[in-house]
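Structure, as structure tokens:
The values are calculated or read from the model by the stated rules, or taken from the named source; none is laboratory data. These figures come from a predicted structure and were not determined experimentally. Positions of Cβ are generated from backbone atoms using ideal geometry, with glycine treated the same way; all protein chains shown enter the neighbour counts.
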Ligand SMILES: [Zn+2]
């Protein structure tokens, strides 16, 4: 009888611990999602800051969009001398790359410009960075 009670308690304890573990995992997942959402917003804010710093417009004088593309959804941050992709890879996370770009622009760097997706792609093809 005593042994049975002990068994029941153990099962209850295991269930309790199991539920606690599930709760903890759930909370951890929720926190991860919150962190991801925060980082996404933070990255967007940094990107917008860079677009504003760089004139919010495609810098290619021959841009196919009259007067230069100004749609922030198409504008991309381009490394004037190439090597942008390598630089992003080095920084792993978009936010730290953006922070570095902001720092450099604010300290007078002319390494970055905005290009719309079309102009950026054409530049990459012309520079042999992409084979078509
Ligand atoms: Zn363009």
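Taking the condition of being in contact with a helix residue (DSSP H, G or I) (Cβ under 7 Å, 6 or more places away or on another chain) and away from the ligand (no atom under 11 Å from the Cβ), how many residues in the range 94-132 meet it? It would help to see each step written out before you state the result.
Filtering the range 94-132 down to residues in contact with a helix residue (DSSP H, G or I) (Cβ under 7 Å, 6 or more places away or on another chain) leaves 94-95, 97-102, 105, 111-112, 114-115, 130, 132.
Now narrow it down to the ones that are away from the ligand (no atom under 11 Å from the Cβ): 94-95, 97-102, 105, 111-112, 130, 132.
Within the range 94-132, residues that are in contact with a helix residue (DSSP H, G or I) (Cβ under 7 Å, 6 or more places away or on another chain) and away from the ligand (no atom under 11 Å from the Cβ) number 13.
Out of 41, 32, 57, 27, I need the residue that is touching a residue at least 40 places away in the same chain (Cβ under 8 Å) and out of contact with any helix residue (DSSP H, G or I) (no Cβ under 8 Å at 6 or more places or on another chain). Which one? Please lay out each step first, then the result.
Values: 41 fails: touching a residue at least 40 places away in the same chain (Cβ under 8 Å); 32 fails: touching a residue at least 40 places away in the same chain (Cβ under 8 Å); 27 fails: touching a residue at least 40 places away in the same chain (Cβ under 8 Å).
Being touching a residue at least 40 places away in the same chain (Cβ under 8 Å) and out of contact with any helix residue (DSSP H, G or I) (no Cβ under 8 Å at 6 or more places or on another chain) holds for just one of 41, 32, 57, 27, which is 57.
Kindly check whether there is at least one residue in the range 75-90 that is under 16 Å from the mean Cα position of the chain (by Cα), within 22 Å of residue 36 (Cβ to Cβ), modelled with pLDDT under 95 and in a loop (DSSP other than H, G, I, E, B).
No, because not a single residue in the range 75-90 is under 16 Å from the mean Cα position of the chain (by Cα), within 22 Å of residue 36 (Cβ to Cβ), modelled with pLDDT under 95 and in a loop (DSSP other than H, G, I, E, B).
Quick one: count up the residues across the range 60-80 that are more than 9 Å from the ligand (Cβ to nearest atom) and touching a helix residue (DSSP H, G or I) at 6+ places or on another chain (Cβ under 7 Å). Break it down stepwise before answering.
Within the range 60-80, the first condition is being more than 9 Å from the ligand (Cβ to nearest atom), and the residues that meet it are 61, 66-67, 70-73, 76-80.
With touching a helix residue (DSSP H, G or I) at 6+ places or on another chain (Cβ under 7 Å) added as a condition, the list becomes 72, 76-79.
Residues flagged as more than 9 Å from the ligand (Cβ to nearest atom) and touching a helix residue (DSSP H, G or I) at 6+ places or on another chain (Cβ under 7 Å) within the range 60-80 amount to 5.
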